[in-house]
Structures are given as C-alpha cells and as structure tokens.
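Everything on this sheet refers to the single structure shown next.
The values are calculated or read from the model by the stated rules, or taken from the named source; none is laboratory data. All of these numbers come straight from a predicted model, not from anything done at the bench. All Cβ positions, glycine included, derive from the backbone under ideal geometry; neighbour counts span all protein chains shown. With ligands, DNA and RNA removed, areas are computed over all heavy atoms of the protein, side chains included. Shrake-Rupley method; radii C 1.70, N 1.55, O 1.52, S 1.80 Å.
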Amino acid sequence: MRFTDRRDAGRQLARRVREHLAGTPPHLQGGHPPDGPLVLALPRGGVPVAAEIARELGAPLDVLVARKIGAPGQRELGIGALAGEDPPLFDRRALEFLSLSEDRLAADVARERGELHRRERLYRGDRPPPEVAGRTVILVDDGLATGMTATAALRALRSRGPAAVVLAVPVASPTTAAALAEEADVVLCLSKPPDFRAVGEWYEDFTQVSDEDVLRTLERAGADR
C-alpha cells in the first residue's frame, strides 16, 4: 500500500482509528470532551497525519516531541532516542556493534535535548502540555522504521497515567510494529510491507515537514474546535 502524501495517509488511518474506538468498551474510550480521546503527533512528520485523525474524531490535537539520537558521523543512523526529561533510550546492540558508550554520546544527547526543548517552546509557547491522565491517547507518526523514537515517546507518555495508549501509523516495518505492541495497548497500522526499508518509500510525496507547517496545522486544529 502506497499513500499519496501524509494527509492521504492520515485520512485512511483516521477511519481505522474510528473503527477501533467504536469497538472499545466505553470506560476505555476516554469519556466525552474535555476528557475524550486526545491525539498527539510526533513532530514533524506525524503532525499532518495526526491532524486528519483529530478532525475525524473531533478530538484535540497536540504534539509530543521526541528526538532521535544518531550515531557520531552518521546522524541519520538512529541508535537511541529521548522524550521529555526521561533518560535517553539506547539500542544496546547498536552501541555494541559500533563500539560506543553512553558517556561518549553525552554531547549528542545534550544537543538533541536542547533541540527537543526548542521545538516544545516553538510549538506550544506558554501553553502547558495537555493532561493525559485517565484519557485514551492516540500517538501518531507517519511511519515506523526502527521505532526508537516512538518507544521513547510511548514510555514518556505512560509515565503520565493515560487510561490507554493507541499507537497509530500508516506504515511500519513488521518487526518494529510487533515490538511496539509491547509498549502500546494497541498498534494500528495500515501496512506492514515485508520488503520495508524506509518510511518514505511508501509515499508518493514525502516532502519534509517544516516548523512553519507544524505551527499552521496546530493553529488550524485549534481554530476548528
């Protein structure tokens, strides 16, 4: 399954999420606004996908900022991730393979933590993070490759006491989707291609999402409610 762009993927995924919630016992649906389901996007790529889901559900949209930690000299090679103020999460096998230690990565962690905070300030301003305790939270990204960033985000989210956490993505590596089923209550994924290599291969248009795009989408979502 290929998607035209992130909005197309979001519209298709929104129908799957709605069907799932319709079959969920009422006490796990999160009640009614303002305590109903909450949609959280992993920026930047998850935001346009999540916006379509929030619109379909009539639910509030916000972001949960998480950052990938890349290997030294190969920053696109994810060997860890962090979210909130939680300690970084590392792929131990990758560290061993690359002969890396957490101490050696301290500067990389600090840099990514700084970028995480910059994005939180930019996207949210003075607005506090949404209350998730006792609510069903739908965490959305545009796809899962290694799943490190999503894992860090899910663990940070769990610590805030949601009633249930649904991870919703259009496409994922089959092994990653299976692994994340241990972290989320439910993983909703439209496509798990056996020949998965990269998320972008499953989109006709995978143009990078900018900070400005994120801000416009969040502002539009707020105005629609």
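Compute the angle between helix 46-57 and the longest alpha-carbon principal axis of the chain, please, reported from 0 to 90 degrees and rounded to the nearest 10. Tilt relative to the chain: about 20 degrees. Calculation over all alpha carbon pairs of the range 108-169 in 5 angstrom steps from 0 returns a P(r) of 4, 14, 19, 24, 25, 11, 2 percent. Shown for the range 1-159: the carbon plus sulfur share of the solvent-accessible area, taken with all protein chains present and a 1.4 angstrom probe, equals 51%. If R0 is 41 Å, what FRET efficiency do you get for F97 and E56 from their C-beta distance, rounded to 0.05? For F97 and E56, the calculated efficiency is 0.45. So for the range 68-129, what percent of the C-alpha to C-alpha distances run longer than 17 Å? Roughly 41 percent, rounded to a whole number.
Each label was represented as a point 7 Å from its Cα along the Cα-to-Cβ direction; for D5 and R118 these points are 2.6 nm apart.
Remark: the chain carries 49 Å² of accessible area per residue (probe radius 1.4 Å; ligands, DNA and RNA excluded).
Note that the range 7-21 has calculated 3J(HN,Hα) couplings of 5, 4, 4, x, 5, 5, 5, 4, 5, 5, 5, 4, 4, 5, 5 Hz, one per residue in order, obtained from phi through the Karplus relation 6.51 cos²θ - 1.76 cosθ + 1.60 (θ = phi - 60°); glycine and proline are x. Net charge in the neighbourhood of R118 (other residues with Cβ under 11 Å of its Cβ; Lys, Arg +1, Asp, Glu -1) is +1.
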